[in-house]
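Here's the structure, in structure tokens; my notes come after.
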Amino acid sequence: MNKDDARKLIVEELGNIAPEADFDTIDAGADLMEELDIDSLDFLNFITALHKKTGVNVPESDYRKLATLDGAAAYLAEKTD
Amino acid sequence: MYIFRMPSLGADMEAGALVEWEKHPGDPVKRGDIVAVVETDKGAIEVEIFVDGVMGKQLVETGAKVPVGTPLAEIEGAEEDAATAPPEATAPSAVPKAEPAPPSTQRRASPAARKLAAEKEISLDALKGTGPGGVIVLKDVEQAEGETAPRAGLDLSKMREAIAAAMARSKRDIPHYYLSTEIDMAAASDWLSKTNAPRTPDKRLLPAALTLKAAALAARKYPAMNGFYDPATGFAPSEDIHIGVAVAIRGGGLVSPAIHNCDKLGLDDLMDKLRDLAARAREGRLRSSELSDGTITVSSLGERGVESLYGIIYPPQVAIVGFGTVTQRPVAVDDKVAIRPIMTATLAADHRVSDGHLGARFLKHVNALLQEPEKL
């Protein structure tokens, strides 16, 4: 999966969690939890959804690497490469 | 004959709109069945029934907004239980008439999506839901309509009014006292990390599972923190521990649906229920018992960096427990300064029911429980 595909999947899954979010206006380098006003439960659901869709099992120690849209896309692209 | 009435889903609810009947005349009903969907300030609530019988005459049309306690339907083969009939219930003089076309709820949809679909006369059955679990969300309806109206979500202004009324009443009527204690979270954090490490994400626990369970077990040990206060009859402790979990609604607003029998749940089951409850709270898909049964509330703002949270009691409950963020702080350990992960736990309790001494023992027990997370 390349970065664009990873980003598309991430936006789709985050959109399921925060359907009111406008991803066109989100700062891709900003903290997702702050940008989307999501909490740890939402974030865990996001990680769970990525696991189900891609098989990538993100350990808790890597959560911070997915803190931003750019970071999450890079991480997912790398793990599915 | 049993009369099924518009339930009170919290101290802040005065009326509800009947969105849909889930059972029809002649249908058998049993305790726990969802028989209707009611629109409240907290979203579309699935209302359960607590008797066995057969759905009889339905007294209120869908779309009608009626006060709490209004008879909604007759349940044949079941007896009226005085304890379940609100004394303030007032039978309407005539069948309430429906307001404009009731929204379709055959498909799972957010209240905002249903509202817009009804306004635009769009059938939900024709839409593909893109929300969690296939729920139709507002953007699905907007796309179908071809417009770009901003998302309204739950009716947050009404929710804010309801919160304001309940909290003003609480602050006016309940003599709160407040306590706090610092809890060393090293044991809980370590145990959680080790427990989660081999698990897939869907099986992982969050710290909230530990704090909720600890609060529930402490409420079991100190029943003066768990129950309801009625000015006329005084305090009635609850046999069951149903923890109201404060769930923030994005964009503003707050609901505190209950996790039933929290003290008896294993951590995995508790976590599953927490995930389910939070998701449904944000979709506006809660059940009536979840809004009405809470016996004590737990709130946490730790993720937002808040160190100490002093809550306002949700009447008629008598206590609310708050958990703050875990921060690395210098503390004295064995006469030396050590850096430890510390969380502040707070208690706001009703002084008509308990004193600070008891509240302190409650918090101390929460602390002790979190030092042995493997036993929770």
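The values are calculated or read from the model by the stated rules, or taken from the named source; none is laboratory data. Everything quoted here is computed from the prediction, not taken from an experiment. Methodologically, a virtual Cβ is constructed for each residue, glycine included, from the backbone with ideal geometry; neighbour enumeration extends over all protein chains shown.
Name the single residue that is modelled with the highest pLDDT among those in the range B:143-174 being within 11 Å of chain A (Cβ to nearest Cβ) and buried (at least 19 other Cβ atoms within 10 Å of the Cβ). The qualifying residue modelled with the highest pLDDT is B:Leu154. When you look at B:Val47, is it hydrophobic (A, V, I, L, M, F, W, C) and closer than 24 Å to B:Ala279 by Cβ, yes or no? Yes.
Within the range B:299-308, the presence of a residue that is over 30 Å from A:Glu35 (Cα atoms), assigned to a loop (DSSP other than H, G, I, E, B), more than 11 Å from the chain's Cα centre (by Cα) and away from every other protein chain (no Cβ under 14 Å) is excluded. Could you tell me whether A:Leu44 is surrounded by 19 or more Cβ atoms within 10 Å (Cβ to Cβ), under 27 Å from B:Ser300 (Cα atoms) and out of contact with any strand residue (DSSP E or B) (no Cβ under 9 Å at 6 or more places or on another chain)? Criteria met by A:Leu44.
No other residue among B:Val331, B:Val326 is touching a residue at least 40 places away in the same chain (Cβ under 8 Å) and within 21 Å of B:Glu303 (Cα to Cα) apart from B:Val326. If you go through the range B:324-362 and pick out every residue that is surrounded by fewer than 21 Cβ atoms within 10 Å (Cβ to Cβ), in a helix (DSSP H, G or I) and either hydroxyl-bearing (Ser, Thr, Tyr) or in contact with a helix residue (DSSP H, G or I) (Cβ under 9 Å, 6 or more places away or on another chain) (or both), you end up with 2. Among the residues of the range B:256-276, the one identified as within 13 Å of B:Thr297 (Cα to Cα) and in a helix (DSSP H, G or I) is B:Cys262. Select from the range B:29-86 the residues that are assigned to a loop (DSSP other than H, G, I, E, B), modelled with pLDDT of 85 or more and either surrounded by 22 or more Cβ atoms within 10 Å (Cβ to Cβ) or of a type in the set (Gly, Ala, Ser) (or both) and list them in ascending order. Result: B:Gly32, B:Ile49, B:Val60, B:Ala64, B:Gly69, B:Thr70, B:Gly77. Can you confirm whether B:Arg250 is modelled with pLDDT under 95, closer than 22 Å to A:Tyr63 by Cβ, out of contact with any Ser or Thr (no Cβ under 6 Å at 6 or more places or on another chain) and of a type outside the set (A, V, I, L, M, F, W, C)? So B:Arg250 passes the test.
The number of residues in the range B:237-254 being within 14 Å of another protein chain (Cβ to nearest Cβ) and either among the charged types (D, E, K, R) or farther than 13 Å from B:Ile320 by Cβ (or both) comes to 7.
Of everything in the range B:45-54 that's within 15 Å of B:Ser289 (Cβ to Cβ) and hydrophobic (A, V, I, L, M, F, W, C), which residue is nearest to the chain's Cα centre (by Cα)? Going through the qualifying residues, I end up with B:Ile45. Just one residue in the set B:Arg220, B:Arg282 is within 14 Å of chain A (Cβ to nearest Cβ) and charged (D, E, K, R); that residue is B:Arg282.
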